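In what follows, a structure is listed as C-alpha cells, so that the remarks can point back to it.
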Amino acid sequence: VRQLRRSPEAVLPIILNTLEGVKVDLSSSCAELGEVLIPLAKHADAARRDVSRRIIDMLAANSADASLVKEHIFARCAAEFVAGKRPKEWTARVGLYDVIGLCSRINSRKDREALSANAIAILATEMTVDKQLDAKAAGLRALTTWLRHIAACAASNVTLIKESSKDAKERGSTLQSIAQALRSNSALASGLSETIDVLDPITVAGAAKSA
C-alpha cells in the first residue's frame, strides 16, 4: 500500500494482475486498499481511474464479508455526497458513481437489497443536479445497476422521474435507464404508479411525433 501511494502508475497494474491470478476471499483487503483506491478512482487521469475501478470491482465481487465492502468502499464514496458536499471535478464524480455501481457486485442478495436503497437515494439525488454529460452517463449506469437489485421502488427514484420529466433534453436518458432496470426487476413497477401523471403527456407527445 505504501508503494501504491508513492507510485500508483507502476503499482496499480501489479495489484490488478495479482488479484486476477488468485481466487481467495478479499474481505481483509477492503480497508487497506479502499482507503487508497477511492482517491485514485477519482483521479483526472482516465487510465488511473480505470485500473482502480477494476481492482475495486474484484474486491466487491470476491469479498465474502459484504459489510467490509460497505464500510470501506461504499461508505467512502457516499460520504462525498452528504451534507451538501459533492466533488466539483466531473472526473471525480464519474469515478465515485462508477465505484458505487461496482458495490452492487457483492455476492449476497440480501446484502445487495439492503444497500440498494442507500445507493439509489444517492444516485437519484445526484442525477437531478449533475448536468455534466459524462458524469451523468456514469451516474445513470450505476443507477440502472442498482435498480436491478432493489426490492421495491424507492421514493428517490420517483422524485428523479418527476424532476427529469421537466427537461425535454435530459429526460430521455433518465427514463431509458429506468426502463432498462424495469425489464429485469418487476418490483419497480408498483412504485412507479405515482409517475403516471407526468409520463402520460410525454408518451402522447412521443406518439404524435412518430405518427
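The values are calculated or read from the model by the stated rules, or taken from the named source; none is laboratory data. Worth saying up front: this structure is predicted, and the values here are computed from it rather than measured. Neighbour counts are summed over all protein chains in view; Cβ atoms, including those assigned to glycine, are modelled from backbone coordinates with ideal geometry. Heavy atoms of the whole protein, side chains included, go into the accessibility calculation; ligands, DNA and RNA do not. Shrake-Rupley method; radii C 1.70, N 1.55, O 1.52, S 1.80 Å.
Of note:
- Residue count for the stretch 168-186, restricted to those that are outside any helix (DSSP H, G or I) and at pLDDT 75 or above: 2.
- Of all the residues in the stretch 54-78, those that are in a helix (DSSP H, G or I) and open to solvent by less than 50 Å² (accessible area, probe 1.4 Å) number 16.
- Subset of the stretch 157-167 [open to solvent by less than 30 Å² (accessible area, probe 1.4 Å) and at pLDDT 75 or above]: Leu160
- Taking the numbered list (1) buried (at least 16 other Cβ atoms within 10 Å of the Cβ); (2) at pLDDT 90 or above in turn, Ile150 passes all entries but (2).
- Flag for Lys131 being open to solvent by 80 Å² or more (accessible area, probe 1.4 Å), at pLDDT 75 or above, within 25 Å of Thr91 (Cα to Cα) and not in a helix (DSSP H, G or I): yes
- Members of the stretch 125-169 that are among the basic types (Lys, Arg) and either more than 17 Å from the chain's Cα centre (by Cα) or at positive phi (or both): Lys162, Lys166, Lys169
- Every residue from the stretch 83-128 that is closer than 22 Å to Pro39 by Cβ, open to solvent by 40 Å² or more (accessible area, probe 1.4 Å) and among the small types (Gly, Ala, Ser): Ala83, Gly84
- Considering the conditions (1) in contact with a Leu (Cβ under 6 Å, 6 or more places away or on another chain); (2) surrounded by fewer than 18 Cβ atoms within 10 Å (Cβ to Cβ), Ala142 is excluded by exactly one of them, (2).
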